Amino acid sequence: MAGVDFPYVKDRLFYENTEERGEATMAQIIKDHKKVLEELAQLIVLEEECAELIYTDPAVVKEKKAKLEIVRGKAGEKFHVLVIGAFSSGKSSMINALIGEELLPTGFLPETAVLGELHYGKEKRITMYPRAGKWEGGDEPFDLEELTSEEIEKYISLSADDALNAMEEDSENRIDAKFEKMVISWPLELLKDGVVLIDSPGINDPYSNDYIVNGYLPQADAIIYLMDAQAAYQKTDVNQLTIINETHELRNIVIGYTFYDVVEPKYAKKPGALEKYRRTLIAHAKKHSDLGEAAVHFLSSVDALEAKENNDPEMLRQSGYEGLENYLGRYLVEGKGRDQVLNMAKTIVSQARMMVKSAESCIQAARQDVAKLKENAARARKDLDKIRDNSRHTAEDYRMRLKNYLPEARRMTEDCIYGLAEKVDLEGFEPETQLPDGPRKLWPFGEGGARKRSEAIQKECQQELERRLNLRYREWSNQTLAPYLKKAVEESTRAIRPDLEQIARELNEVVSMVAGGIHSDNGDASNIALGLAYAIATGDWFTGSMSAIYGKGAMVRGIAFQAAAGAAVGIACLVIGVPITLPIVAVAAIGGSILSILTDNNKKKVEKIKVKAVEALRKSYKEEEARSSLRKKVDEIMANTESYIESACSDMENALAADIRETENSIQQMIDINETDQEEKQSRMAVCSEAVERLEEPQREAVRLCGTYGIASEEVETTGRKIV
């Protein structure tokens, strides 16, 4: 993701023969990428046809094709672009500008209270998904009759009162939307080849539905964070960007400064001042994004929408949207798109080799004497029973080794949870609520009174402490617990590696015995358990997971919490599914620390409130009532940790069992061919030979297509032979 210039995609893949190199739109870049995915999908179709030639058992053919179909489905994966920002930062206006139509409602007040997904569809359609029990019309999804911004506004917007109340500095209101999401299908070229735009509710912690946005973050392939250029990098922005960076460990953020058309006229007579302001905004963006200056865009949504409506390319360029769309297209293709191509190509190569091995074994078996082959097969099956027992022992050893790490994981978790209160403070925190000045501070009562404001500040302190507790906990999860669990799985896998290699050798010897002498390396991609071991040791989870899919389920659960950035982050995502909340006793302690309101100046009073809140939290954490709550939290985290360990154990068991099944299928395949008459044997041998020849093409083409993305052939042809 860090490669801002996208050299392979721009210069080597799509525009070698055009005069518009690097000038294609986002839609065109992704469309061309999809053509590559379609070519890879056709190579998989070719492999499916070869499977029908090689395997005689219809059930095996069906299974092989089903596995390949999983990989082929990756050609249709979507690119999810999540648009985030504070209330009225211009998110809906930006999406209107991208699609070129005034579709989503916009305005000064917070408008969007519902997550909106825009997908490609041949016909225009808008579907609302109610929250259970929240909408008076029922819980079933329904389509809007009118596809206008006015009609959409009826369902997704806040009322003016709700919006203003939510933004009041001492408000206790939270936005409670009636709908879970709105899905828009639109015949827009930009969306045609897999792009999904997500318009999110405004971030305004703690009042808005920011949990909806944070819950969507792990699914996003690109994040566009918008800030109003007139008042950018406010507290709300800093808090949310910090959460994205620290909690989700995401720094691949595209930054957009909106309403830039309003800012520019203010500096019309001072161009030097405008450039200085731009550099300041870029510097703020680079604190939170690793994508560099090329990922920072200054936008005018009004101008972009007008430019698209009037087909004015120069106006579109000046609006900043041409640059944004081009960047997004290359970003998505260079990032996730490159991984899509590599992952599909790896599977194509490994499956071709697996089928070639089966075909060559069948050809060799067909040449043997029937009686001799059956004798060898009987011996092989006895050996296979022994290997099955050894596999079970290896899986049990693996489980025992992993469970030995659990006591230390519990100790680490207890140290973290029980010690959290000592690791947080309110340094640098400035409450939104202000204490009254002048004569009003002598009157403590009423809505605007000092006592009421003091209580509101304490509540803000409580919320900020809870937020900081979660940040520290998630930091610990990412930096301590997740690496420890990853290390546990890696070390346990390396410990049984010799056993896996021995099992692989024995399985290959069994096949070789029946086939009449054919032998393959123990690191061959057809060995699923070794593929899994390779994935665990190297972090190449796709290779391992795809190998395991061929084993009916191994690593399938593991994929769910393995993130693209690596196994450690993925494990943390699993473990931090347990949020930290303040024990009731801590809330009561903080809420009970009302200070004198008639002495000292306001700044000192606020500082005292902050100090008292921290002291109350730390004291409450030592009380038995709080300790009981914390113990439950430890148990929840350990339950997730044990679930992760159990998944790893189950995956290894499934992978070993899949290797046994694969070998059994190979033996039966060879017997089936050998038992046919001579004419049928010759026909089968010819068919298998044809399949072997045809399987050269998908391997060669997969490597070639990867080369257009700058992917070396060694990356594509990795089969798990070496684990460092």
What does the charge dipole of the range 263-321 about its Cα centre add up to, to the nearest 20 debye, if the Cβ of each Lys and Arg holds +1 and the Cβ of each Asp and Glu holds -1? 500
Just to check, using Stokes-Einstein with a Kirkwood Rh over alpha carbon pairs, what's the diffusion coefficient of the range 49-150 at 20 °C and 1.002 mPa s in µm²/s? 119
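When each pair of different Cα atoms in the range 363-403 is counted once in the 1/r mean, what is the Kirkwood radius in angstroms, to one decimal?
Numbers: mean 1/r = 0.0810 Å⁻¹.
This gives a value of 12.3 Å.
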Plugging the Cβ-Cβ distance of residue 142 and residue 61 into 1/(1 + (r/R0)^6) at R0 = 45 Å yields, to the nearest 0.05, a FRET efficiency of 0.55
Quote the Stokes-Einstein diffusion coefficient, in whole µm² s⁻¹, for the range 663-708, based on the Kirkwood radius over alpha carbon pairs, a temperature of 25 °C and a viscosity of 0.890 mPa s. 195
With a cut-off of at most 13 other beta carbons within 10 Å, and DSSP calling the residue loop, which chymotrypsin sites (Phe, Trp or Tyr not before Pro) in the range 82-152 qualify? Please list them. 108
Between residue 714 and residue 661, what is the FRET efficiency for a Förster distance of 45 Å, r being their Cβ-Cβ separation, to the nearest 0.05? 0.90
Roughly how many nanometres apart are two label points built 7 Å out from the Cα toward the Cβ at residue 132 and residue 378? 6.0
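Here, each number is a calculation from the coordinates, and none is a lab measurement. Every value quoted in this text rests on a predicted model; they were computed, and no experiment measured them. Please note: Cβ atoms are built from the backbone with ideal geometry, for glycine as well, and neighbour counts cover all protein chains shown.
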